[in-house]
Amino acid sequence: MDEDGDAERAGQPEEESPEDQQEEVVEEQEEQEQEEEDQAAYLDELPEPLLLRVLAELPAAQLVQACRLVCLRWKELVDGAPLWLLKCQQEGLVPEGCAEDGRDHWQQFYFLSKRQRNLLRNPCGEEDLEGWSDVEHGGDGWRVEELPGDCGVEFIQDCGVKKFFASSFESSRWCRKAQLVDLLAEGYWEELLDTTQPAIVVKDWYSSRSDAGCLYELSVKLLSEHEDVLAEFSSGQVAVAPDSDGAGWTEISHTFTDYGPGVRFVRFEHAGQDSVYWKGWFGARVTNSSVWVEP
């Protein structure tokens, strides 16, 4: 029986001891570390223009979170303008051959450009009133209509806009709706908002019917973490005459700059009402609302 057992064991590979396994792991780690050191040494010997091109191929997050920690030279390159100008050029954010142009914050320009988009949800009513809050329904309330709508005109400024919100009547109660944009949740960070204070641009489009005048109002506030008002814009009450000549849609916009530190939210609110008090949807029409953080 012992002979049979010995014969069986002889046909199997010997198991490594825990000590041998640990040694192999250490050796693999040392080889990997040495390989990484060799690669870093090779890259460090590259001329700066060539090293910049190598770094520019890496994801932006990897540059900021990892590459700038490798050594002092890499940190200076990642924090410098030339690398981010090159990334902007490679990704079509600025034209090829664009000079540094005195801009010290190409890194911030890059990140802001990559995040540039309309921060309002459902700006044209494609999802009915989804995304809008603090909705007030004066008269017959808000209604989403297909462009051009009754006694209306097409939105020629953007052929992608297919719908609009129509407001109603009632002297004591307007149709209102709002959105609260959380800038941190949208990917903007505190240091950027407090130090750079990028321009925040708000826009809205409104129109009347050809057979009835209306009233329109826009109010936008920049709020702190605790929703204190730090800056605000109000159009006041805008009286809109009947669009009898087919003039179409009117744009209203405002740009917030130098608003100081602490901004964390943007509250966008607009309202409409008709000026003839007819039952139905003869009030201000709104569409293509937007909030942008500009690079």
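Considered as a group, the residues in segment 116-138 that are modelled with pLDDT under 95 and either touching a Pro at 6+ places or on another chain (Cβ under 9 Å) or open to solvent by less than 30 Å² (accessible area, probe 1.4 Å) (or both) include one that is farthest from I200 (Cα to Cα), and that residue is G138.
When every residue of segment 43-50 is checked against the conditions, at least one turns out to be assigned to a helix (DSSP H, G or I) and at pLDDT below 85.
Of the residues D182, D228, the single one that is open to solvent by 40 Å² or more (accessible area, probe 1.4 Å), touching a residue at least 40 places away in the same chain (Cβ under 8 Å) and over 30 Å from D150 (Cα atoms) is D182.
Pairs meeting the criteria (first residue in segment 274-295 and touching a residue at least 24 places away in the same chain (Cβ under 8 Å) and closer than 10 Å to C214 by Cα, second residue polar (S, T, N, Q) and open to solvent by 60 Å² or more (accessible area, probe 1.4 Å), beta carbons under 9 Å, at least 6 apart or on different chains) are Y277/S171. When each of W205, W189 is tested for being surrounded by fewer than 15 Cβ atoms within 10 Å (Cβ to Cβ) and of a type in the set (F, W, Y), the lone residue that passes is W189.
Select from segment 239-295 the residues that are of a type in the set (D, E, K, R), more than 19 Å from S133 (Cβ to Cβ) and at pLDDT 95 or above and write down the one among them that is most open to solvent (accessible area, probe 1.4 Å).
That would be D258.
The values are calculated or read from the model by the stated rules, or taken from the named source; none is laboratory data. Here the structure is a predicted model, which is why all the values come from computation and not from measurement. Every residue, glycine as well, gets a Cβ built from its backbone with ideal geometry; the counts of neighbours run over all protein chains shown. Side chains are part of the model used for accessible areas, which takes the heavy atoms of the whole protein and leaves out ligands, DNA and RNA. Shrake-Rupley method; radii C 1.70, N 1.55, O 1.52, S 1.80 Å.
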